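Report on one structure; see the data block that follows.
What follows draws every value from the coordinates through simple rules; no lab data is involved. The structure presented is a predicted model; accordingly, all values stated were derived computationally and were not measured. Here Cβ is always computed from backbone atoms with ideal geometry, including for glycine, and neighbour counts include all displayed protein chains.
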């Protein structure tokens, strides 16, 4: 009688893992692949919505406005672009907007440097979290609440027959800048200051304490230590913070309406043109802030701003 003997040399059959486990293993071995797969859908959606809307906005600038119906026609023209970039009043408003945005950025920088340095290098570790919360606290209040609060403080008082005694600054200190460019700069600086403090704080927090100690041991005074050691290493962080303060101030049009008095920025100009109504010209005017922001981002990227965001 012949009996079959098992083949001991045959390789064992291994069951193939399910598809979900193989996908999970692949993502685990390639972290970048997992991150890309996670962000692909929302990033694509944002690109379609944001970039698509910008393209439609630019295209609208080339349509001619019907003088009778006040609606864009199918006729294409360069008149809106030419008018937006050659009219002296428009250019003056753009320059004023750049000056305001730059002033807000400089004010925020001057205020943020000592605040961030104290939190990062002087305050005790157990107090730092509370100080960071205090810096972020203004962001918890509504935009209009902060805007009208500053309007109440900047109120100049009796003007043109008004009987008001003035706001907080007028009542307490006897002086107020009132409504105008200065009031807009002060209000916007208050609103966007946290966006400058946080990047600088992050840059200072990464700065080794040993560098400051070494500068002191070599005899460098505080001013020399700041200019030679701290400032060069903070350039990317300052550039990152300035992106927020500059861009947010350049495009703001609500604060000038609240505390600006007769001051008009590019956002107010676009709003007024849109309500005229002249949608193609308003779209052409939006090219000004778009080009300014692109140029600013390119200049800040050379300073390493995006590495500190």
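Once the chain from residue 43 to residue 59 is taken as fully extended at 0.36 nm per residue, the excess over their C-alpha distance is 3.4 nm. Length gained on full extension, residue 235 to residue 172, computed as 0.36 nm times the residue gap minus the Cα-Cα distance: 18.8 nm.
For the pair residue 121 and residue 303, label points projected 7 Å from Cα toward Cβ lie 1.9 nm apart. Using every pair of separate Cα atoms, the Kirkwood estimate puts the hydrodynamic radius of the range 86-185 at 16.7 angstrom.
Tell me, in nm to one decimal, what length is gained between residue 205 and residue 291 on full extension, where the rule is 0.36 nm per residue of separation less the Cα-Cα distance?
Extending this stretch completely gives an extra 27.6 nm.
If R0 is 30 Å, what FRET efficiency do you get for residue 130 and residue 228 from their C-beta distance, rounded to 0.05?
According to the calculation, E is roughly 0.40.
Only Cα pairs under 8 Å and 6+ residues apart enter the sum, and on that basis the relative contact order of the chain stands at 23 percent. Taking 189, 249, 228 as the candidate residues, the one with maximal mean-square fluctuation in a Gaussian network model of the chain, Cα springs under 10 Å, is 228. Compared with the dominant Cα axis of the chain, that is its longest principal axis, helix 181-206 is turned about 30°.
In the chain, the longest principal axis of the Cα atoms and the axis of helix 31-46 are about 40 degrees apart. Calculated over the chain, the projected area of the Cα convex hull averaged across directions stands at 34.0 nm². Each stretch of four or more DSSP H residues adds -39500 (n - 2.57); spread over every residue of the chain, this sum gives -21000 deg cm²/dmol at 222 nm.
Note on the chain: with a GNM built from Cα contacts shorter than 10 Å, the maximum mean-square fluctuation among 69, 286, 38 falls on 38.
Taking the Cα atoms only, what angle lies between the long axis of helix 125-140 and the longest principal axis of the chain, rounded to 10 degrees? Orientation of helix 125-140: about 60 degrees from the principal axis.
Using the number of other C-beta atoms within 10 angstrom as an exposure proxy, rank 115, 191 with the fewest first.
115, 191
Legend: calculated FRET efficiency, residue 29 to residue 50, from the Cβ-Cβ distance at R0 = 30 Å, rounded to 0.05, equals 0.35.
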